[in-house]
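Enquirer: Here it is, the structure, as structure tokens.
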Amino acid sequence: MAILAFDFGGSAVKYGIWNGQEMSDKGKFTTPKTWDEMKASLLTVFDGVDQKVEGVALSAPGVVDVEKQMINGISAIPYIHGFNIFKELEDLFQLPVAIENDANCAGLAEIYAGAAKGKKEVAFVVVGTGIGGAIFHNGQISKGAHLYGGEFGLMYLNEGKTFSQLGTAVQMAWRYCKRKGVEKDAFSGEDVFHFAESGDELAIEEVNNFYEYLTQGLFSIQFSLDPEIIVLGGGVSAKKGLLDEINRRMKEKLDHFELNDFIPQIVTCKYENDANLIGAAANFISYQNNK
């Protein structure tokens, strides 16, 4: 089954063909400014495919309501919200279309063929500018009653601030810049990690805060949802030593609360750049199988 997959991003739309084993014929185009331009660009890609396509799969930002066939919420692509986008795209392609939230798609990729393959109870945590994620129960996405399942970034963490505001390397860098009295984007998270390794005391403090906040959030996720495994995604997941530091701090918290029944299994994602595309294809297959 060949599936044409698209990943809608704020600056670019990625695409590729999923053949059941790998993503091929990959490309991207700049995210158009209007919905009509977007449809024209999607159709251009579709018309250029030189094999039979069974359907179209989309990864998109926002709160995807499959029952109402629309994308709610807000995103960097405002024109995709608030109407029956499923029907418009099915009319455009004359094929079945499946759409899912981008964080859910990234998690699906890990469940389908990645770090969580074979697992049924999974928390997928994306650490970017903020914190996003997805919850999987019995191997299926669990969106909750109001479609906010997996919005881990909204958890209150410390001093009235949320997990998103505290537990990412981007936020760490912004805090460092503020305390240094420089522009917000003067230094990146990677810079601050490097400064800490070089002995910068302020950087060491902020790196410590980052790891502490991130571990606190993961601790709360583990003991509220009780997943078999927590999969970390996002750019910082590739940082050398990340898991060692999280596991060390997690062990300290387990000891503090005298929790010795098990040790949480925390891993980093297998897929990075293609995760949303692969997850979108996996969602399409699941959607068709469950119709």
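Enquirer: Just one of 185, 261, 226, 244 is of a type in the set (D, E, K, R) and farther than 22 Å from residue 131 by Cβ; which is it? Full working, then the answer.
Expert: Numbers: 185 fails: farther than 22 Å from residue 131 by Cβ; 226 fails: farther than 22 Å from residue 131 by Cβ; 244 fails: farther than 22 Å from residue 131 by Cβ.
Result of the check over 185, 261, 226, 244: 261.
Enquirer: Just name the residue that is nearest to residue 146 (Cα to Cα) out of those in segment 66-80 that are in contact with a strand residue (DSSP E or B) (Cβ under 7 Å, 6 or more places away or on another chain) and of a type in the set (A, V, I, L, M). Spell out the reasoning first.
Expert: Taking segment 66-80 first, the residues in contact with a strand residue (DSSP E or B) (Cβ under 7 Å, 6 or more places away or on another chain) are 71-73, 77, 80.
From what is left, the residues that are of a type in the set (A, V, I, L, M) are 71, 77, 80.
Details: 71: 13, 77: 22, 80: 20 Å.
Among residues in segment 66-80 that are in contact with a strand residue (DSSP E or B) (Cβ under 7 Å, 6 or more places away or on another chain) and of a type in the set (A, V, I, L, M), the one nearest to residue 146 (Cα to Cα) is 71.
Enquirer: Are there any pairs, at least 6 apart or on different chains, whose C-beta atoms fall under 7 Å, with the first in segment 159-188 and free of Cβ contacts under 8 Å to residues at least 24 places away in the same chain and the second part of a loop (DSSP other than H, G, I, E, B) and loosely packed, with under 13 Cβ neighbours inside 10 Å, and if so, which?
Expert: 174/184; 177/183; 177/184
Enquirer: Give segment 9-60 a look and list any residue that's of a type in the set (D, E, K, R), free of Cβ contacts under 8 Å to residues at least 12 places away in the same chain and under 18 Å from residue 93 (Cα atoms), or say none. Please lay out each step first, then the result.
Expert: Taking segment 9-60 as the starting set, the residues that turn out to be of a type in the set (D, E, K, R) are 14, 22, 25-26, 28, 33, 36-37, 39, 47, 50, 52, 54.
Narrowing further to those that are free of Cβ contacts under 8 Å to residues at least 12 places away in the same chain: 22, 33, 36-37, 47, 50.
Matches in segment 9-60: 36, 37, 47, 50.
Enquirer: Here is a list of conditions, (1) under 25 Å from residue 12 (Cβ atoms); (2) touching a residue at least 40 places away in the same chain (Cβ under 8 Å); (3) among the hydrophobic types (A, V, I, L, M, F, W, C), and residue 116 meets all of them except one; can you say which number that is?
Expert: (1)
Enquirer: Oh, and also: For segment 50-72, indicate whether the set of residues that are of a type in the set (Val, Ile, Thr), farther than 21 Å from residue 286 by Cα and surrounded by fewer than 19 Cβ atoms within 10 Å (Cβ to Cβ) is non-empty.
Expert: Taking segment 50-72 and keeping what is of a type in the set (Val, Ile, Thr), we get 53, 56, 63-64, 66, 71.
If we keep only those that are farther than 21 Å from residue 286 by Cα as well, we get none.
No - not one qualifying residue is present in segment 50-72.
Enquirer: Here's a follow-up. State all residues of segment 217-257 that are open to solvent by 20 Å² or more (accessible area, probe 1.4 Å) and under 18 Å from residue 122 (Cα atoms); if no residue qualifies, say none.
Expert: Listed by number, the residues that qualify are 219, 220, 223, 224, 225, 226, 228, 234, 243, 247.
The values are calculated or read from the model by the stated rules, or taken from the named source; none is laboratory data. Treat the numbers as computed from the prediction; the structure is a model and nothing was measured. Every residue, glycine as well, gets a Cβ built from its backbone with ideal geometry; the counts of neighbours run over all protein chains shown. Areas reflect the complete protein model, heavy atoms only, side chains present, ligands, DNA and RNA absent. Shrake-Rupley method; radii C 1.70, N 1.55, O 1.52, S 1.80 Å.
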